[in-house]
Structures are given as C-alpha cells and as structure tokens.
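Okay, so here's the structure we're looking at.
The values are calculated or read from the model by the stated rules, or taken from the named source; none is laboratory data. Just so it is clear, the model here is predicted, and its values are computed rather than measured. Please note: Cβ atoms are built from the backbone with ideal geometry, for glycine as well, and neighbour counts cover all protein chains shown. To get the accessible areas, we keep the full protein, side chains included, count just its heavy atoms, and leave off ligands, DNA and RNA. Shrake-Rupley method; radii C 1.70, N 1.55, O 1.52, S 1.80 Å.
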Amino acid sequence: MVDLSICIVNWNVRDLLRQCLLSIQKEVTGLAVEVVVVDNASTDGAPDMVEQEFQWVKLIRNRKNESFSHANNQAAQISHGRHLLFLNNDTIVLPQSLHRLVQFLDRHPEAGLVGPRLIDRDGQTQRSYRPKPTIGAALHRLVCLRWTRLFRQAYQRYRRQKLQTDSTIAVEVLLGAAVAMPRRVYDSIGGWDEGYRFGLEDFDLSTRVRRTHMVYYYPQAEIIHLGRMSSRRNSGHVYIGVECGYARYLRRHVVGLVGGILYKALVMVNLPFSLVENAARSLWKQCRHGPAPAGWPHSELQGVWSFLLYGLPSFLKA
C-alpha cells in the first residue's frame, strides 16, 4: 500500500520542478511514496523533462492552464496513497520531512490537515499559517478604505500575528505551499474547491477541514519554499485570482450572500483608487530604480489593469 501520494502542480518552472523531484527522490527510502505531477500547459519543456528524467513520476499534461484546485484534484484522483501531500513546485523537501508528516498523521487520527515549517533558502522561517481572514482585514486591502484607517487593527491582527514557530499547534489556516492530509478527509470534504482560480483555495480547504477535524502546524517537518516563482511571471492571472478568491471566501465562510454582494460593490468602487495608487508607486520606483523586477508595483499595476480588462466577469461570479 502507498503511504503518501505527493501531488505537484507545475507551470513553466522546469528547473525548479527538477530540483523538487530530486529532493523527493532522496527521501523515499523506507516509505511507500508515489508522485503525481500535473503540468498546466507549460511551454518550457517541463513535462518532457519529467518523462525523460523521472520515469517513476506519474504525469498529467493539461492542454491549458487549469486552476490550481482543479489540477490538485486531478492528481489526487489518480493517486492511491493513504495520505496526500499537496506540494508546490518551488519547494525542496528536507531530510525526514516526508516520514515525519506520515508518522504525525498516523499518530493523530483527529488531524485533518497538517503543514510543515516553511523556510527560505537561508533557513529563515516563513509564515506557514494564519488566522482566517475577517471582513475587516479584507476591507483594509481596499485603497479607498485604507486611508480611513478604520480597519487597520483588524488587518494587523490578520497579517501581523506573531508566529509560534517551534511548537506543534492547532491553527486556523495553513498556507498551501505544502499541506498533508489523510485521504479519508480529502474524500469527506470533496477535495479542493474548483471555484477558486488562484488564491485563497488553501484558506478554503483549511476552513472546511476544521469543521470536522483539527488543522495543525508541525515544525518538526521542514520544507524549503522559494516562493512565488511561477506566479511572478503572470501578475495579471494572480491579481485576478486573489480578488476572486477573497470574494468567494468571504461569501462562503464569513459574510454570506448579501455581504458578498456589498463587498464586490466596494471592490468595484475601489478600482480607480487602486489604479491611481499603483501608477504613482510605479512611477516613483521607476524614477528611483529604473525598470522593476516582477513582484514590484509595476507588476501590481499590470495586475489591476488585467483585472479591469479581463477579470470582472469571473469576479462577479465568485
């Protein structure tokens, strides 16, 4: 029987995917592991690399860039492990982490979801969990309301929560770079919600799991997370996904249908303010530093434009 099925969604980061798979290959001794890679129509040769260099990996080639949730469900549905590990392609598995995750799930039947300590390349601990977002924290993201400072404390409680990084603790939301769960729990909640494009699907997963099981942060298992290596290449896709994700999450888990409609109306009102703010920040950065790398306000401005031009239909349906 397979102990652990590792599900990886990939899009155009061939070399990082290779590094991830090599790190897994080193850690499977004594553990029955299968790996499923779902490639979302990469153009950099990543699926060919997997076929040629990692024949033991199951590969699904999608013809278009499917949602992160849909691709994760594709991987889970063809896998056979007692437990599932959903792993980003920009990660490196450290020694004994896979064994420890499996052992933790076997020893804690109340656990529905467990996340390892995420660290950067230099060994510094990243944020691996959060409280679930409140409507106040979401409203503070809007430029037109941020200036009022009405929801600043709610946003700080959400974003600036002090981390407890050295102890196993129950948490509200795990960040989705690496999350493990028993297959029985995955099946009982119906898997990932494919209504999310790209953003907050991990928050939704944690929230639904917590209705019946515990969600744990488990720092004895460690995984390097390089962070946003795919998403930086498509800021428009990410911006649209995050805005749609907040709208869907708040409607489903926080404020209900009417509150969700009001939130969407505020986001629409906020668009001109967001364009002005990001244009000003982009201009200031260009004057000081020249063309900015992906992930700076130039990309944020591109994201707002993409949302305005292409993202509104998906946002209104979220």
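Things to note:
- Test result for LEU59, in contact (Cβ under 8 Å) with a residue 60 or more places away in the chain and in contact with a helix residue (DSSP H, G or I) (Cβ under 7 Å, 6 or more places away or on another chain): no
- Considering residues of segment 270-318 that are surrounded by 16 or more Cβ atoms within 10 Å (Cβ to Cβ) and of a type in the set (Phe, Trp, Tyr) only, the residue modelled with the highest pLDDT: PHE315
- Test: residue in segment 135-145 that is within 23 Å of VAL28 (Cβ to Cβ), under 19 Å from the mean Cα position of the chain (by Cα) and in contact (Cβ under 8 Å) with a residue 24 or more places away in the chain: no
- Filter result for ASP187 (buried (at least 20 other Cβ atoms within 10 Å of the Cβ) and without any contact (Cβ under 8 Å) to a residue 60 or more places away in the chain): no
- Looking across segment 43-101, the residues that are among the acidic types (Asp, Glu) and more than 16 Å from the chain's Cα centre (by Cα) come down to ASP44, ASP48, GLU51, GLU53.
- Count of residues meeting criterion [under 30 Å from GLN103 (Cα atoms) and within 23 Å of the chain's Cα centre (by Cα)] in segment 23-42: 9
- Contact map, segment 268-289: first residue more than 13 Å from PHE307 (Cβ to Cβ), second residue surrounded by 12 or more Cβ atoms within 10 Å (Cβ to Cβ) and at pLDDT 80 or above, Cβ cut-off under 6 Å, separation 6 or more or different chains; pairs are PHE273/VAL143; PHE273/CYS144; GLU277/VAL143.
- Residue in segment 179-194 that is β-branched (Val, Ile, Thr), at pLDDT below 95 and assigned to a helix (DSSP H, G or I) present: no
- Residue match in segment 114-136 (condition: open to solvent by less than 20 Å² (accessible area, probe 1.4 Å), assigned to a helix (DSSP H, G or I) and of a type outside the set (Lys, Arg)): yes
- Only one entry of ALA178, ALA154 meets the criterion of being surrounded by 13 or more Cβ atoms within 10 Å (Cβ to Cβ), in contact with a Gly (Cβ under 9 Å, 6 or more places away or on another chain) and over 16 Å from GLY112 (Cα atoms), and that entry is ALA154.
- The requirement of being at negative phi and charged (D, E, K, R) is satisfied by ARG184.
- Residue within segment 230-252 that is within 30 Å of THR165 (Cβ to Cβ), open to solvent by less than 40 Å² (accessible area, probe 1.4 Å), among the polar types (S, T, N, Q) and modelled with pLDDT of 85 or more present: no
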